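Student: Here it is, the structure, as structure tokens.
Any read-out appearing in this document is the output of simple, stated calculations on the displayed coordinates, not a laboratory observation. Being a predicted model, the structure only gives us computed values, none of them experimental. Here Cβ is always computed from backbone atoms with ideal geometry, including for glycine, and neighbour counts include all displayed protein chains.
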Amino acid sequence: MKKTVAVSLFIFFVVVTSVLVAGLVFYQNNYNNKTENFTNNINDSIKVTLDMSEIKKHNNINDCYMVMNNKVYDLTSYFGSHPGGDRAMVLYCGENATQAYATKGGEGSRHSSYAKNLLAQYLIGNLAK
Amino acid sequence: MKKERVGAFVIFILLFLPIVFWVSRIPLIDRFDSFNPIITSIGQILGLVGMAMFVITIILSSRLKFLEDYFGGLNKIYFWHHFLGGFSLVFLLFHPMVLVLKFITTSLRSAALFFIPGTDLFITFGIIALLTLILLLIFTLFINFPYKTWKITHKFMGVVFFFAILHTFFIPSDVSLYLPMKIYMGFLVSLGILAYLYRTIFGSILVKKFFYTVDQINQLNDKVVEIVMSAKSERINFLPGQFIFISFRGEGISRESHPFSISSGVQEDKLKVIVKNLGDYTAKLGNLKTGIEAKIEGPFGKFSYLHSSSRDQVWIAGGVGITPFISMAKSFVNNNYKVDLYYCTQTEDEMIFSKEFSEISIKNSNFRLVPFCADIKGRISVQAIVNFSGNLLQKDFFLCGPPLMMKNIRSQLIGMDVSRKNIHSEEFNF
């Protein structure tokens, strides 16, 4: 048992260290460019205003826009990464998913702050009022 | 099923039930329909079973006497405590390592943020619990702290438990979202909290203690002392071969409790233990002052010749492992019992109780002493036992001594078709 624990601890430290170094070094090296590009993209994108009729055209897994809290997100590239599975997301492509996002599809729980930060990367514009 | 196997069976059920509830919430076909749900599912199972193992580990550490019947003694309970404690860490280490895979597919940065506290409150609680558990188990398994220091560090398992509970019940998962699972894990965690409160927080009030006074300290040789105690009020009622936890309350000795085999006979007024100088704590016991108080908890253990199926028995003692046999021999009643005691030491000088055993064997023709000095006869083997005691298959065997010796004798006995249920051993590995 002691050997099993020792091997598991070794694997854990190697994995965590590798992920942290790779993730944070990658982030540091690309931070400035990425932030600049990302901010510019957001600023450019945020100027876009889309109405529901336009959004409804992007209603499938290969072209998926969603509205959450009056903001429009292009989540097409996020398919395959959602922890709750693609099925939970695809129902809301081309729809206003504010309620579903707030309750995790009716489960009654909220998404984490980590998920919120991730979502911001997919913002493309505002919903027309 | 034998009563002493019920404990292990119940542990298996308690670990299996979270998986049953987990499966009953969402069909497996939906849980494993693509990469991310598969990763999520494996991560959840590791977390659920790891948490259940951790809670059972805490329950087993409470030294509840009634549990001894279902495990075959406190030493067996501690075996499960160590086993589940180690494997709960393994499961809980792989829990985040598997879950992070779904973030790696998005970006390495998001994967890195998953391991950094502060991103999400309830993930942070999980990180605190896991890092504290890693630290405490490294102290337990890989760093040889003095027992007193280690025991203080082990009390911080309560911190691990507290943050693990918050993580388990508040992170969006099957526990927080599915009522049957929430009720089951709530029940298990409640037992864990009660066990922790009973043993660690309110142990000084709730755990029954017997109060004795140290009457004599007898130096038996340069390394072994006998401590003789008398009851202040209520006497402890024990079976020969059982052990107790003693906390001596004198100056110059730390107050944490340590296990000792009882070496007095059941009919004696005084309570006696034999202590060999094996380390920092036992080295100080030779300097105890008479008149100081000893707080005693127990008795514990199923290692007694009265707990066996056969009355034809072989007792094998190595070194200081002789102590439970002293009590058994002093309490020996010639009631169709037939015992051969193999008293094994390295040198003849270490055989300090041979006179007492010889006197007992003179009085009882069914009790035979077989001194086995390694310097003269070599290490004891089962073949040597066959040569003197005859057919092994109808006998029960009692082993107490160095772990390697017990392991060797046990494997030799099993190799000669002796049933495992006829081999009884006492391991002091708390």
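Student: Only Cα pairs under 8 Å and at least 6 apart count here; give the relative contact order of the stretch B:68-194 as a rounded whole percent. Walk me through the numbers on the way to the answer.
Tutor: Values: 75 pairs, mean separation 22.5, N = 127.
With pairs under 8 Å counted, the relative contact order is 18 percent.
Student: So, one more: Name the residue farthest towards the positive end of the dipole of the protein assembly as shown from the options A:V7, B:Q216, B:S24, assuming +1 on Cβ of Lys and Arg, -1 on Cβ of Asp and Glu, about the Cα centre.
Tutor: B:Q216
Student: Please list, in order along the stretch B:285-299, the HN-Hα scalar couplings obtained from phi with the Karplus expression 6.51 cos²θ - 1.76 cosθ + 1.60 (θ = phi - 60°), rounded to whole Hz, x for Gly and Pro.
Tutor: 5, x, 9, 4, 9, 5, x, 7, 8, 10, 8, 10, 10, x, x
Student: Can you tell me the orientation of helix B:74-104 relative to chain B, as the angle in degrees between its alpha-carbon axis and the longest Cα principal axis, to the nearest 10?
Tutor: That helix lies at roughly 20 degrees to the long axis.
Student: Okay, moving on. Taking the 0 to 90 degree range and rounding to the nearest ten, how far is the long axis of helix B:35-60 tilted relative to the main principal axis of chain B, both from C-alpha atoms?
Tutor: 30 degrees
Student: So what is the 222 nm mean residue ellipticity for the protein assembly as shown from helices alone, if each DSSP H run of at least 4 adds -39500 (n - 2.57) and you divide by all residues, rounding to the nearest 500 deg cm²/dmol?
Tutor: It lands at -15500 deg cm²/dmol.
Student: Rounded to whole Å and ordered largest first, report the semi-axes of the equivalent ellipsoid of the stretch B:272-411 derived from its Cα gyration tensor (root of 5λ). Don't jump to the answer; show the numbers that get you there.
Tutor: Numbers: eigenvalues 141, 71, 45 Å².
Computed over the stretch B:272-411, the values are 27, 19, 15 Å.
Student: For the stretch B:259-270, take each phi angle, set θ = phi - 60°, evaluate the Karplus expression 6.51 cos²θ - 1.76 cosθ + 1.60, and give the result in whole Hz per residue in order, putting x for glycine and proline.
Tutor: Each residue of the stretch B:259-270 in turn: x, 9, 6, 6, 10, 8, x, 5, 8, 7, 6, 8 Hz.
Student: Please give the per residue volume of the convex hull enclosing the alpha carbon atoms of the protein assembly as shown, rounded to a whole number of Å³.
Tutor: 182 Å³
Student: If you take all C-alpha pairs in chain B, what percent of them are over 39 Å apart? Write down the numbers at each step before the final one.
Tutor: On the way: 29796 of 92235 pairs.
That fraction is 32 percent.
Student: Additional query: What are the chymotrypsin sites (Phe, Trp or Tyr not before Pro) within the stretch B:217-250 that DSSP puts in a loop, where the Cβ has at most 10 other Cβ atoms within 10 Å?
Tutor: Here no chymotrypsin sites (Phe, Trp or Tyr not before Pro) fit, given the DSSP loop and packing criteria.
Student: May I have the count of lysine pairs in the stretch B:1-144 with C-alpha atoms under 27 Å apart, counting pairs 8 or more residues apart or located on different chains? Before the final figure, lay out the partial values.
Tutor: Details: B:K2/B:K65; B:K2/B:K76; B:K3/B:K65; B:K3/B:K76; B:K65/B:K76.
Eligible lysine pairs with Cα atoms under 27 Å apart amount to 5.
Student: Residue-wise, which Karplus ³J(HN,Hα) couplings in Hz belong to the stretch B:316-330, taking 6.51 cos²θ - 1.76 cosθ + 1.60, θ = phi - 60°, and x for glycine or proline?
Tutor: Computed from phi, the couplings for the stretch B:316-330 are 10, 10, x, x, 6, x, 6, 4, x, 6, 5, 5, 5, 5, 5 Hz.
Student: By a straight-distance test (C-alpha under 17 Å), which aspartates and glutamates pair with A:K57 as possible cross-link partners, with residues fewer than eight away in the same chain excluded?
Tutor: Of all the aspartates and glutamates, those that pass the test against A:K57 - Cα under 17 Å, at least 8 places apart if same chain - are A:D74, A:E95.
Student: May I ask which of B:K151/B:K289; B:K182/B:K295; A:K3/B:K395; B:K276/B:K338; A:K3/A:K104; B:K151/B:K338 have a Cα-Cα span longer than 31 Å here? Provide the component values of the computation, followed by the final result.
Tutor: Numbers: B:K151/B:K289 25 Å; B:K182/B:K295 41 Å; A:K3/B:K395 36 Å; B:K276/B:K338 29 Å; A:K3/A:K104 41 Å; B:K151/B:K338 42 Å.
The pairs that break the limit, which is 31 Å between Cα atoms, are B:K182/B:K295; A:K3/B:K395; A:K3/A:K104; B:K151/B:K338.
Student: With only Lys, Arg, Asp and Glu charged, each at its Cβ (+1 for the first two, -1 for the last two), find how big the charge dipole of chain B is about the Cα centre; round to the nearest 20 debye.
Tutor: For this selection, approximately 440 debye.
Student: Run the paramagnetic zone check for B:S419: 7 angstrom along Cα to Cβ, then residues of the stretch B:381-396 with backbone nitrogen under 13 Å.
Tutor: B:393-396
Student: Can you give me the relative contact order of chain B as a percent, contacts being Cα pairs under 8 Å and 6 or more apart?
Tutor: Numbers: 674 pairs, mean separation 52.2, N = 430.
This gives 12 percent for chain B.
Student: Which cysteines does the protein assembly as shown leave without a neighbouring Cys Cβ under 4.7 Å?
Tutor: So far as the 4.7 Å Cβ criterion goes, B:C344, B:C373, B:C400 stand without a partner in the protein assembly as shown.
Student: From the square roots a ≥ b ≥ c of the eigenvalues of the alpha-carbon gyration tensor of the stretch B:334-419, which class results: rounded (a/c under 1.5), prolate (a/b over b/c), or oblate? Intermediate results must be reported in sequence, preceding the final value.
Tutor: Values: a/c = 2.00, a/b = 1.10, b/c = 1.81.
Verdict is oblate for the stretch B:334-419.
Student: Still on this structure, please answer the following. State which stretch of chain B is the longest one without any exposed GluC sites (Glu not before Pro), exposure meaning a DSSP loop state and at most 13 other Cβ atoms within 10 Å.
Tutor: Numbers: sites that count: B:E234, B:E251.
With GluC sites (Glu not before Pro) excluded where exposed in loops, chain B gives B:1-233 as its longest stretch.
Student: If amide H atoms are built 1.01 Å from N in the plane of the peptide, which residues on other chains or at least 5 residues away come under 5 Å of the amide H of B:Q346?
Tutor: B:A374
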